[in-house]
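The values are calculated or read from the model by the stated rules, or taken from the named source; none is laboratory data. The model shown is predicted, which means the values in this text are computed figures rather than measured ones. Cβ coordinates were reconstructed from backbone atoms using ideal geometry, including for glycine residues, and neighbour counts include every protein chain displayed.
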Amino acid sequence: MLFKPTNNNKQDFDQQGFLVIDKILPAEQLLPLHQAFDDVFNGVFETGVTPDEVNWQHGSGDPSLTRQVCNGWKANRSIAQVVLSEDLGRSVAQLAGWPGVRIMIDNLLSKPAGARSLGYHQDSAYLSWFTPSDLISCWIALDDTKQAGGTLEFVIGSHKWRKSIPSGEFHGPDNYREPMQYAAQSQGEEPQIKYVEVEAGGGSVHHGWTWHGSGANESARPRRALVLHLMRCDAEYDPTQFAQGIGPTYSRYKHLADNQLDENYFPILWHENGSRTKALDDYLTFSAPKC
Ligand SMILES: O=C(O)CCC(=O)C(=O)O
């Protein structure tokens, strides 16, 4: 993993609510990830496990929408190599000043040429189901990205705006900036937008309260991205909020007897005391016995 945060990066992240990074992944990891995206959106799950949310598949998905699958790491080991990476976990923890990180969820997003926008939102507005509900997201471009290609965009400093309640559509809204524009207007803010324009393998890291979204892909090329949404290692379910806040898929993973986040579903990628979830490295190097 190529990203190691500096003190200047930390200052920029605190001030802007995000950081644009030229290189997160080495070039040789891109081709296996492109293949993994093709497989997963075609319903080919290498490990035999279905991802937690399969929102788009070839043959049945609306071709005008951005394709989305969540927790592809359970289905495909090329995706898992990135999502469960100890190095990337350490870098994000160091940027955030956290003692360690867990993966909350990954997102495979594929926006082909001509596909519609993704609505602006603040990730943390959806996350009252765990506590502390801090979140940091790492967005990795798998294609060169430009404004016209519907790359990710942020509003500079908007993590310091008021916390809004969720509103608007995520997939293909008519005015993808509307919820953010409404929040800006009601708080007397003048939004300043930064586009994440990087080569494939670059990307960004953003704070859970930073307003972000992306426009339609008006270029002739696909815009694929792998996103890691990361929580603190010491986060737990909030028993008063979890069932309403998280929905039917992830609330299933709560233990009856306690509020712990189970490491089988929310693994610890890096911890300053060395307590990375033990079975992760075996999972990453597993190869099926040959018949
Ligand atoms: O890729 C996009 O346009 C949106 C990604 C997003 O919402 C996120 O990374 O939190």
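Regarding segment 28-36, can at least one residue be identified that is under 29 Å from Gly274 (Cα atoms) and touching a strand residue (DSSP E or B) at 6+ places or on another chain (Cβ under 9 Å)?
yes
Which numbered condition in (1) of a type in the set (S, T, N, Q); (2) modelled with pLDDT under 95; (3) within 30 Å of Leu25 (Cβ to Cβ) is the only one that Gln192 fails?
Tallying (1) of a type in the set (S, T, N, Q); (2) modelled with pLDDT under 95; (3) within 30 Å of Leu25 (Cβ to Cβ), Gln192 fails exactly one: (2).
Looking at segment 92-124, which of its residues are closer than 19 Å to Ala27 by Cα and either part of a loop (DSSP other than H, G, I, E, B) or of a type outside the set (A, V, I, L, M, F, W, C) (or both)?
Ser110
Which residues, counting only those in segment 44-66, are of a type in the set (Gly, Ala, Ser), surrounded by 12 or more Cβ atoms within 10 Å (Cβ to Cβ) and either within 16 Å of the ligand (Cβ to nearest atom) or under 30 Å from Ser287 (Cβ atoms) (or both)?
Ser64 - this is the single residue of segment 44-66 that is of a type in the set (Gly, Ala, Ser), surrounded by 12 or more Cβ atoms within 10 Å (Cβ to Cβ) and either within 16 Å of the ligand (Cβ to nearest atom) or under 30 Å from Ser287 (Cβ atoms) (or both).
So for segment 197-209 (the condition being within 12 Å of the ligand (Cβ to nearest atom), in a strand (DSSP E or B) and more than 30 Å from Asn259 (Cβ to Cβ)), does at least one residue qualify?
Checked segment 197-209: at least one residue is within 12 Å of the ligand (Cβ to nearest atom), in a strand (DSSP E or B) and more than 30 Å from Asn259 (Cβ to Cβ).
When segment 123-152 is examined, which residues are found to be closer than 18 Å to Cys70 by Cβ, of a type outside the set (Gly, Ala, Ser) and in contact with a Pro (Cβ under 9 Å, 6 or more places away or on another chain)?
Tyr126, Leu142, listed by residue number.
For Gly97, only one of the following conditions fails: (1) of a type outside the set (Ser, Thr, Tyr); (2) farther than 20 Å from Val196 by Cα; (3) surrounded by 15 or more Cβ atoms within 10 Å (Cβ to Cβ). What is its number?
Of (1) of a type outside the set (Ser, Thr, Tyr); (2) farther than 20 Å from Val196 by Cα; (3) surrounded by 15 or more Cβ atoms within 10 Å (Cβ to Cβ), only one is false for Gly97: (3).
Which residue is surrounded by the most Cβ atoms within 10 Å (Cβ to Cβ), if the candidates are limited to segment 176-196 and must be over 19 Å from Pro63 (Cα atoms) and within 15 Å of the ligand (Cβ to nearest atom)?
Applying the filter and picking the extreme gives Met180.
Going by the structure shown, is Lys146 modelled with pLDDT under 95, out of contact with any Leu (no Cβ under 6 Å at 6 or more places or on another chain) and not hydroxyl-bearing (Ser, Thr, Tyr)?
no
Residues are listed down the side, and each one gets a yes or a no for (1) over 24 Å from Gln29 (Cβ atoms); (2) in contact with a Pro (Cβ under 7 Å, 6 or more places away or on another chain); (3) surrounded by 12 or more Cβ atoms within 10 Å (Cβ to Cβ):
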site: Leu226; (1), (2), (3): no, no, yes
site: His229; (1), (2), (3): no, no, yes
site: Pro239; (1), (2), (3): yes, no, yes
site: Gly247; (1), (2), (3): yes, no, yes
site: Ser251; (1), (2), (3): yes, no, yes
site: Leu256; (1), (2), (3): yes, no, no
site: Ser275; (1), (2), (3): yes, no, yes
site: Tyr283; (1), (2), (3): no, no, yes
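Do we have Thr47 as within 15 Å of the chain's Cα centre (by Cα) and farther than 20 Å from Ile268 by Cα here?
no
Looking at Leu230, is it of a type in the set (A, V, I, L, M, F, W, C) and at pLDDT below 95?
Spelling it out, it is not the case that Leu230 is of a type in the set (A, V, I, L, M, F, W, C) and at pLDDT below 95.
Kindly indicate the residue of segment 160-182 that is in a helix (DSSP H, G or I) and either touching a helix residue (DSSP H, G or I) at 6+ places or on another chain (Cβ under 8 Å) or of a type in the set (Lys, Arg) (or both) and also nearest to Leu108 (Cα to Cα) among those meeting that condition.
Met180
Please determine whether any residue of segment 122-130 is near the ligand (Cβ under 10 Å from one of its atoms) and surrounded by 19 or more Cβ atoms within 10 Å (Cβ to Cβ).
yes
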